[in-house]
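Asker: Questions regarding the structure given below will be posed in turn.
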Amino acid sequence: MSWGLTERAHGSDLLAGDVALEAGALTGTKWLINNATRGGAVVAIARTAPEGGPRGFDLVLVEKSVAVTESGEPAYRSLPKERTHGIRGADISGIEFLDAPITAGDVISAPGRGLENVMKALQLTRALCCSLSLGAADRALHTAVGFAESRVLYGRSLVDLPQARRVLADAFADHLLNEATTLAVLRSVHSLPGELSVHAAAAKFLVPTRTEALLAALRGFVGARAILDPDHADAPPLTRTERDHRIVSLFDGNTVVNLTSLIAQFPMLDRTGLPADSVRIVGEAEPADLSRLSLLSRTGSTILRMLPNAVEQLAGSGVPDEVAALGHRLAGAARRVLDDAARAERNPADMPDANFAVAERLAAAIAGAAAVHVHLAHSGAIDPALAANALWLRLALTRALAAVDPSAPTTCPAAVHDDAVAHLRHRNAADRGFGLYAPNGETA
């Protein structure tokens, strides 16, 4: 199965799509489609009203085995696979529909709801894409930690040098922030489905882009070894991990698309008087009710709105004063971001660059808020070494705050770096991932 959305002439502009369903026949070409040739069926978005518009498109299921013309010839043509830099096993190709016969039963969206269904489905897939970034970062951290332990400079192991510890600790901090963001957003599919248009866009912008920066930093740290095969036979070179990850920020809505989605929702973000709590946001939840998905959030972002309350809970939970102070500073910075969003110029035809900068800070504020909620709701499940003195939260909040407030420090003190690197070395020696949660059911 493949999902036929984009076209060569129009890219991500789905409203401009030329593939059309007229008189029971589907014509036109979808291009740059994953699995377009290998897949046995394609779900394509097709223009069903000549004038197009938001209600002028439907979703059409084309099963290749029965898509034949009256003469028995295939009613489609597969386009050649595009040559890609990395992910060479992926079938990135296209399909041309040659008056493919379509019955009423092949139209799988309600009349005129095709584009709406696509946009809602993309909220789900954008959230899920973040897991790909987490895997890439985890692999790269293993490579970098192993290199730092084996490399000797100035008579000392590289991992013992302060600057090396800072690079590793900052990369680890970004990874932890990304994991907390991904968890909170995926939980919000269940707890806050009506706000997924905000949270998925924020996560899909922030997690892949921060992972790209993380991978670039580790590549520079490892140097020429980044292009060589590691000693472990199953591990790819770091540059290959970096290369193959680049696609994540492009598909299912690229960086600009996600920031634009956030900008479109600036007027709805600062909603007050809607109670919630951290456990409700990111804790156990009922099965997802996808009928509650919405193209725009009418209640803003509960994850962000509840940050001041969560910070007060955090301060009273026994965390070190430095961590509580980070939370309070993040809440203040998030308030300023919401004020900037409320004052932002609204001109979709000529979007000011400043709006994109506000959207980037907004995404980081949501990520920082997600980390606080996760800490409060999941404290018993977090790895004990990371939970001790709220180490992980200090790492994550420092990086989130720096992205929201440019005047904030970008890294933690050296003593925190030492604790982070000690954990990285322990996990690397045990050949375990660098995730937030305790392995084998251990509890804090």
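Readers should treat all values here as calculations from the given coordinates under stated rules, not as data from a laboratory. Note that the coordinates shown come from a computational prediction; the quantities given were computed from them, not determined experimentally. Because the Cβ atoms are built from the backbone with ideal geometry, glycine has one as well, and the counts that use them run over all protein chains shown.
Asker: If neighbour count is taken as other Cβ atoms inside 10 Å, put 192, 98 in order from fewest to most.
Answerer: Fewest-to-most Cβ neighbours within 10 Å comes out as 98, 192.
Asker: Across region 117-441, what fraction of all alpha-carbon pairs, as a whole percent, falls in each successive 20 Å bin from zero upward?
Answerer: 34, 57, 9, 0
Asker: Related question: So for region 1-112, Kirkwood radius off the Cα pairs, Stokes-Einstein at 4 °C and 1.567 mPa s: how many µm² s⁻¹?
Answerer: Answer from the Stokes-Einstein relation: 92 µm²/s.
Asker: Something else: Using the number of other C-beta atoms within 10 angstrom as an exposure proxy, rank 392, 31 with the fewest first.
Answerer: 31, 392
Asker: Let me ask something additional. Excluding residues fewer than 8 places away in the same chain, name every one of the lysines whose C-alpha is closer than 19 Å to that of residue 204.
Answerer: Hits, sequence-local ones excluded: 120.
Asker: Next up: Three principal axis extents, largest first, for the C-alpha atoms of region 268-373, in Å?
Answerer: For region 268-373, the Cα extents along the three principal axes come out at 49, 36, 21 Å.
Asker: Largest first and in whole Å, give the semi-axes of region 296-444's equivalent ellipsoid, each being the square root of 5 times a Cα gyration tensor eigenvalue.
Answerer: 31, 16, 15
Asker: What spacing in nm lies between the two simple spin-label points modelled at residue 345 and residue 407, each 7 Å away from Cα in the Cβ direction?
Answerer: 2.5 nm
Asker: Using helices alone, I'd like the mean residue ellipticity at 222 nm for the chain: each DSSP H run of four-plus residues gives -39500 (n - 2.57), total over residue count, nearest 500.
Answerer: Rounded to the nearest 500, the figure is -16000 deg cm²/dmol.
Asker: Same structure, new question: Using label points projected 7 Å from each Cα along Cα→Cβ, tell me how many nm separate residue 160 and residue 63, to one decimal.
Answerer: 6.7 nm
Asker: Find how much the distance from residue 153 to residue 279 grows on full extension, using 0.36 nm per residue of separation minus their present alpha carbon separation; answer in nm with one decimal.
Answerer: That pair, residue 153 and residue 279, stretches by 40.6 nm at full extension.
Asker: Then there is this: Treating only the Cβ of Lys, Arg, Asp and Glu as charged (+1, +1, -1, -1), what charge dipole size does region 117-441 show about its Cα centre? Round to the nearest 20 debye.
Answerer: Dipole magnitude for region 117-441 comes out near 280 debye.
Asker: May I pose another question? How would you rank 154, 437, 76, going from fewest to most other Cβ atoms within 10 Å of each one's own Cβ?
Answerer: So the ranking, lowest neighbour count to highest, is 154, 437, 76.
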